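Beneath this line is the structure, given in structure tokens, with notes to follow.
Nothing in this text is a laboratory measurement; each read-out follows from the coordinates by a stated rule. These numbers come from a predicted model, not from an experiment. Quick reminder, even Gly has a Cβ in these numbers, built from the backbone with ideal geometry, and neighbours come from all protein chains shown.
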Number of protein chains: 2
Amino acid sequence: MKRPKILVTNDDGVSAPGILHLTAIAKNYGDVIVVAPNKPQSGMGHAITINSTLHLQKTNYHHVAEEYACSGTPVDCVKMAINHLLPEKPDLIVSGINHGSNSSINVIYSGTMSAAVEGALEGCSSIGFSLCDYSHEADFEASTPFIKKIIEYALQHPLPQGTCFNVNIPKLPLHLISGIKVVRQAKANWVERFDERQDPYGRSYYWLTGEFINFEPEASDTDEAALKAGYVSVVPTQVDLTAHAFIATCKTKLEQ
Amino acid sequence: MKRPKILVTNDDGVSAPGILHLTAIAKNYGDVIVVAPNKPQSGMGHAITINSTLHLQKTNYHHVAEEYACSGTPVDCVKMAINHLLPEKPDLIVSGINHGSNSSINVIYSGTMSAAVEGALEGCSSIGFSLCDYSHEADFEASTPFIKKIIEYALQHPLPQGTCFNVNIPKLPLHLISGIKVVRQAKANWVERFDERQDPYGRSYYWLTGEFINFEPEASDTDEAALKAGYVSVVPTQVDLTAHAFIATCKTKLEQ
């Protein structure tokens, strides 16, 4: 039987500890190609590079047959892999392991998840993995059995067209992780505070900082609730942004 | 009665013809503040600036009391305006007029729409406007009565929490525009082709190019269908990316 082809990408850069761990797991399941950004691309959302050029460089961090650092965003990496580097679509795309949570509303800011969403748009089973630990020294070991289980599921049951998984792993030792919960995206947002500073020439500049607010802390069927209870959260994710229920309301007024 | 406060932004940059036209319209309805990127930010999606600093510069393109060029992305501009510059949330956020379509799947790549989505996330009525004409010399005049009607609607009926409008205007003279249709996001995608070239030193580089594919050309209730029939399309847009229908399917296998 032909081994599955697995594309690995991320947003923290091709040599980040999280992607090294993910590639090591993915190798158990198929032939791996790595195409990942040549520099950190956190917070890039679904950005693509249309006003400048893209560059590819072969790398040697992952010890796989094909691995590249790309000058673009995570979404560029997926497009490059599928439409330029690979002769046919991969059987699976895995993105991450992100250093930090991509639960709830973070799905739209996250380069890791945007790569998975782009994979789904291109018709591939895709999964974004994130560990709720922002540290570069984060311990990815406890996540291994859950990542394996979810990869095995996706290889056996290709996800529906246009759908990917947003997987978040709590920052806990293995014996304290309760299992996996399939849940929905919690309603939440960031409340920003701009940290204003002065440069050496007296001009103001700003750092974006913020506080995460869960608007539904009582709900039990969300990714936030699952993570809080010590579960790995899996949110099936798609990209129809239509507010279907609101179409009828504004139709009469706007179409008249 | 207090005049509404209206925030104007875009992704083509603070001095683009589209935003000048939109500000001129917005002035009829309230006190306008402009916070827009200091350079083109097309295709930036929901990117935010977290690995570098942000800078603001006063400008004088719009002849309003407050206008700024921001070094960041369209989403940064909205966050800066709401959380740093304005003492309270604006009554309305308008983004655009984009030079080019943001219908269908383009909503996730578009900086114009990401600014509107961010406004909705921050709890403000928000609208993204795009004209289906990529030219810098595009004629925005025909769009005026439709933009006015939609702004008037949103000021009279604030959109539901977390919801914004994605408005696309066909490239037609006024007498050929059929009216407004409230529709859903068409299922579509881009098929990319990377245009490979050689730099003067013999190294390859790439330009991202692509062809738009509508997966449901027969459907009549989509933004693509409305635009093709000569209508202004309005898609109520929100950011729950959960594939709700798929939760039950994978729950049994993954949670066991």
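Listed values, structure above:
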item: Virtual paramagnetic centre 7 Å along Cα→Cβ of A:A248, amide N under 16 Å, in the range B:181-224; result: B:182-184
item: For B:G210, distant residues with modelled amide H under 5 Å away; result: B:R193
item: Long pairs among A:K39/A:K89; B:K79/B:K148; A:K39/A:K187; B:K2/B:K148; A:K187/B:K2; A:K253/B:K5, criterion Cα-Cα beyond 29 Å; result: A:K39/A:K187; A:K187/B:K2
item: Per-copy distances of the A:K228 label point, shortest first, in nm (7 angstrom along Cα→Cβ); result: 4.6
item: Selection of trypsin sites (Lys or Arg not before Pro), the range A:1-91, meeting DSSP coil and at most 16 other Cβ within 10 Å; result: A:K2, A:K27
item: Globularity ratio of the range B:161-209, using Cα Rg and 2.2 N^0.38 Å; result: 2.05
item: Rg(Cα) / (2.2 N^0.38 Å) computed for the range B:71-218, rounded to two decimals; result: 1.21
item: Debye log10 I(q)/I(0) for the range A:87-135, one point scatterer per Cα, at q = 0.14, 0.16, 0.19 Å⁻¹; result: -0.34, -0.43, -0.57
item: Rounded to the nearest 20 debye, dipole of the range A:27-178 from Cβ charges on Lys, Arg, Asp, Glu; result: 140 debye
item: Estimated translational D of the protein assembly as shown in µm²/s (Stokes, Kirkwood radius over Cα pairs; 37 °C; 0.692 mPa s); result: 142 µm²/s
item: Fewest-first sequence of B:C124, B:C77, A:C132 by Cβ atoms within 10 Å of each Cβ; result: A:C132, B:C124, B:C77
item: Charge context of B:P217, other residues only, Cβ under 11 angstrom, K/R +1, D/E -1; result: -1
item: Residue (of A:G119, A:S52, A:S95) at the positive-pole extreme of the range A:19-123, dipole from beta-carbon charges; result: A:S52
item: Sequence of A:T53, A:T9, A:T242 once ranked by neighbouring C-beta atoms within 10 Å, starting from the fewest; result: A:T53, A:T242, A:T9
item: Förster-model FRET efficiency, 45 Å R0, A:K58 and B:L86, C-beta, rounded to 0.05; result: 0.40
item: The range A:211-217 - phi-based ³J(HN,Hα) in whole Hz, Karplus 6.51/-1.76/1.60, Gly and Pro as x; result: 10, 7, 10, 8, 6, 9, x
item: Helical mean residue ellipticity (222 nm; -39500 (n - 2.57) per DSSP H run of 4+; nearest 500) of chain B; result: -6500 deg cm²/dmol
item: Per-copy distances of the B:T53 label point, shortest first, in nm (7 angstrom along Cα→Cβ); result: 3.1
item: Computed Kirkwood radius, in angstrom, where 1/r is averaged over Cα pairs of chain A; result: 19.1 Å
item: Cβ-based exposure ranking for B:H62, A:H55, in which fewest neighbours within 10 Å come first; result: A:H55, B:H62
item: Size of electric dipole in chain B: Cβ of Lys, Arg +1 and of Asp, Glu -1, about Cα centre, debye, nearest 20; result: 400 debye
item: Neighbourhood net charge (14 Å Cβ-Cβ; Lys/Arg +1, Asp/Glu -1) for B:M80; result: -4
item: Reachable aspartates and glutamates, given that their alpha-carbon falls under 16 Å from the alpha-carbon of A:K171 and they are not under 8 places away in the same chain; result: A:D133, A:E137, A:D139, A:E141, A:D223, A:E224
item: Given charges at beta-carbon only (K, R positive; D, E negative), |dipole| of the range A:176-231 in Debye; result: 120 debye
item: Relative contact order (percent, whole number), chain B, Cα cutoff 8 Å, 6+ residue spacing; result: 17 percent
item: Whole-Hz ³J(HN,Hα) from phi, Karplus 6.51 cos²θ - 1.76 cosθ + 1.60, for the range A:190-205, glycine and proline x; result: 9, 9, 7, 9, 8, 7, 8, 10, 10, 7, x, 9, x, 8, 6, 9
item: Sparse-neighbourhood loop sites, trypsin sites (Lys or Arg not before Pro) in the range A:177-247 - DSSP loop, at most 15 other Cβ within 10 angstrom; result: A:R203
item: Rounded, prolate or oblate (a/c below 1.5 giving rounded, otherwise prolate when a/b exceeds b/c) for the range A:123-162 by Cα gyration tensor; result: oblate
item: Amide H partners (placed H, <5 Å) of A:E67, local residues excluded; result: A:V34, A:T59
item: Prolate/oblate/rounded label for the range A:142-229 (Cα gyration tensor, a/c 1.5); result: prolate
item: Amide H partners (placed H, <5 Å) of A:G13, local residues excluded; result: A:Q41
item: Amide N proximity, the range B:98-114 versus B:I213 label position 7 Å along Cα-to-Cβ, cut-off under 15 Å; result: B:105
item: Copy-to-copy label separations for B:A65, where each label sits 7 Å from Cα toward Cβ, in nm and ascending; result: 6.6
item: Longest site-free stretch - chain B; sites: GluC sites (Glu not before Pro), DSSP loop, at most 10 other Cβ within 10 Å; result: B:1-87
item: Convex hull volume per residue for the range B:192-235, taking Cα atoms only, in Å³; result: 105 Å³
item: Note, ³J(HN,Hα) from phi for the range A:100-108, Karplus 6.51, -1.76, 1.60, rounded to Hz, x at Gly and Pro; result: x, 5, 10, 6, 6, 5, 4, 4, 8
item: The range A:10-85: chymotrypsin sites (Phe, Trp or Tyr not before Pro) in DSSP loop, at most 16 other beta carbons within 10 Å; result: A:Y61
item: Rg/Rh ratio calculated on Cα atoms of the range B:20-103 (Kirkwood radius); result: 0.94
